[in-house]
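Enquirer: Provided herewith is a single structure, encoded as structure tokens, for subsequent inquiry.
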Amino acid sequence: MKISKKDLKDLIPKLKERKTNEVLKWAADIYKGKIVLTTSLGPEDQVILDIIQNHSLPIHAFTIDTGRLFNETYELIEKTETHYGIKIRTYFPDTSEIEETINSSGINMFYKSIEQRKQCCKIRKVNPLNRALKEVECWITGLRKDQSKSREKQNILSWDQTREILKINPLINWTEQQVWDYIKKNNVPYNTLHKKGYPSIGCACCTKEVIQGEHFRTGRWWWEANEHKECGIHILDGKLVRTGSK
């Protein structure tokens with residue numbers, strides 16, 4: 001039986017007490033063939049993928065290639081696929097949309113205004129994600145509560161009202177330290193840029209290293225004020241979940 005939005009109130013307290021692998025197995029049993037891990041290859045996503053693989057759960061993973069990623073991210077995709085013996089499906093932006101936008105607004109249009117940056121994110125990230133999620137009924141993310149004030153409101157389960165799909169955040173109550181402890185203990189592949197001052201990694205043109213003492217999300221869209229830093233991927237109750245202070 002599929003889960004509806006009205007079921008979340010009763011399910012959330014029960015699942016909060018379960019181990020991460022148990023939550024993922026519970027979801028995989030319900031959404032056979034219709035559940036996916038959306039991964040940006042960040043530390044949290046790598047932990048979830050490792051748990052999925054170690055417990056042989058029937059959950060496949062996909063990623064979005066915006067066309068502007070770091071080479072280190074592409075290297076990590078290959079390393080991860082080899083490490084686990086899997087294939088991570090890749091979705092790309094629509095070529096005609098990219099061509100039209102670049103020809104009309106410029107290759108680096110995202111620096112010109114918040115509106116143009118959001119348009120770039122929409123074309124390169126949100127639209128491919130929406131296309132990918134049309135094929136499934138449940139998606140798994142690496143959101144954690146301590147990533148931002150807005151994400152403190154997230155639970156282990158949430159309902160994406162815009163896409164009409166269940167979202168599972170199995171690491172929602174994990175700390176950053178727990179994530180890295182797991183990675184080191186289990187030899188999980190991770191992006192080498194994390195060792196070079198890049199705690200949060202997106203497109204190469206929109207990400208820079210963070211100085212010690214700065215918030216780890218400072219390097220993302222660094223030319224914008226925090227209140228504008230979101231790309232439109234995560235939605236809670238029909239509203240964007242802001243990522244600026246992640």
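Enquirer: Pick out, from the range 114-191, the strands (runs of 3 or more DSSP E) lying fully within it that include 3 or more residues that are touching a helix residue (DSSP H, G or I) at 6+ places or on another chain (Cβ under 9 Å) and touching a residue at least 40 places away in the same chain (Cβ under 8 Å).
Expert: Details: elements: 138-140, 157-160, 165-168.
Once the strands (runs of 3 or more DSSP E) in the range 114-191 are filtered for at least 3 residues that are touching a helix residue (DSSP H, G or I) at 6+ places or on another chain (Cβ under 9 Å) and touching a residue at least 40 places away in the same chain (Cβ under 8 Å), what remains is 138-140, 157-160.
Enquirer: Would you point out the residue of the range 156-179, among those that are modelled with pLDDT under 90 and either out of contact with any Lys or Arg (no Cβ under 8 Å at 6 or more places or on another chain) or aliphatic (A, V, I, L, M) (or both), that is most open to solvent (accessible area, probe 1.4 Å)?
Expert: THR162
Enquirer: Return yes or no: is THR95 open to solvent by less than 40 Å² (accessible area, probe 1.4 Å), of a type in the set (S, T, N, Q) and free of Cβ contacts under 8 Å to residues at least 24 places away in the same chain?
Expert: The answer is no for THR95.
Enquirer: On the given criteria, is TYR198 among the hydroxyl-bearing types (Ser, Thr, Tyr), modelled with pLDDT of 70 or more and in contact with a Pro (Cβ under 8 Å, 6 or more places away or on another chain)?
Expert: The answer is no for TYR198.
Enquirer: Here's a follow-up. From the list THR82, THR66, THR73, THR95, which residue is in contact with a Lys or Arg (Cβ under 6 Å, 6 or more places away or on another chain) and over 23 Å from ALA27 (Cα atoms)?
Expert: THR66
Residue-wise test of (1) in a helix (DSSP H, G or I); (2) touching a Pro at 6+ places or on another chain (Cβ under 9 Å).
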site: LEU8; (1), (2): yes, no
site: PRO13; (1), (2): yes, no
site: VAL23; (1), (2): yes, yes
site: LYS32; (1), (2): no, yes
site: LEU37; (1), (2): no, no
site: GLN46; (1), (2): yes, yes
site: THR66; (1), (2): no, yes
site: ILE102; (1), (2): yes, no
site: PHE110; (1), (2): yes, no
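Enquirer: Another question, then. The conditions are (1) farther than 24 Å from LYS208 by Cα; (2) β-branched (Val, Ile, Thr); (3) without any contact (Cβ under 8 Å) to a residue 12 or more places away in the chain; (4) not in a helix (DSSP H, G or I), and THR82 fails exactly one of them. Which is it?
Expert: (4)
Enquirer: Separate question: Which one of these does ILE30 not meet: (1) in contact (Cβ under 8 Å) with a residue 60 or more places away in the chain; (2) crowded, with 17+ Cβ neighbours inside 10 Å?
Expert: (2)
Enquirer: Further question on the same structure: Restricting to the range 46-73, and then to whatever is touching a strand residue (DSSP E or B) at 6+ places or on another chain (Cβ under 7 Å) and not hydrophobic (A, V, I, L, M, F, W, C), can you tell me which residue is nearest to GLU176 (Cα to Cα)?
Expert: Of everything passing the filter in the range 46-73, THR63 is nearest to GLU176 (Cα to Cα).
Enquirer: Let me ask something else about it. Is at least one residue of the range 51-59 under 19 Å from GLY202 (Cβ atoms) and aliphatic (A, V, I, L, M)?
Expert: No, the range 51-59 has no match at all.
The values are calculated or read from the model by the stated rules, or taken from the named source; none is laboratory data. These figures come from a predicted structure and were not determined experimentally. All Cβ positions, glycine included, derive from the backbone under ideal geometry; neighbour counts span all protein chains shown. Heavy atoms of the whole protein, side chains included, go into the accessibility calculation; ligands, DNA and RNA do not. Shrake-Rupley method; radii C 1.70, N 1.55, O 1.52, S 1.80 Å.
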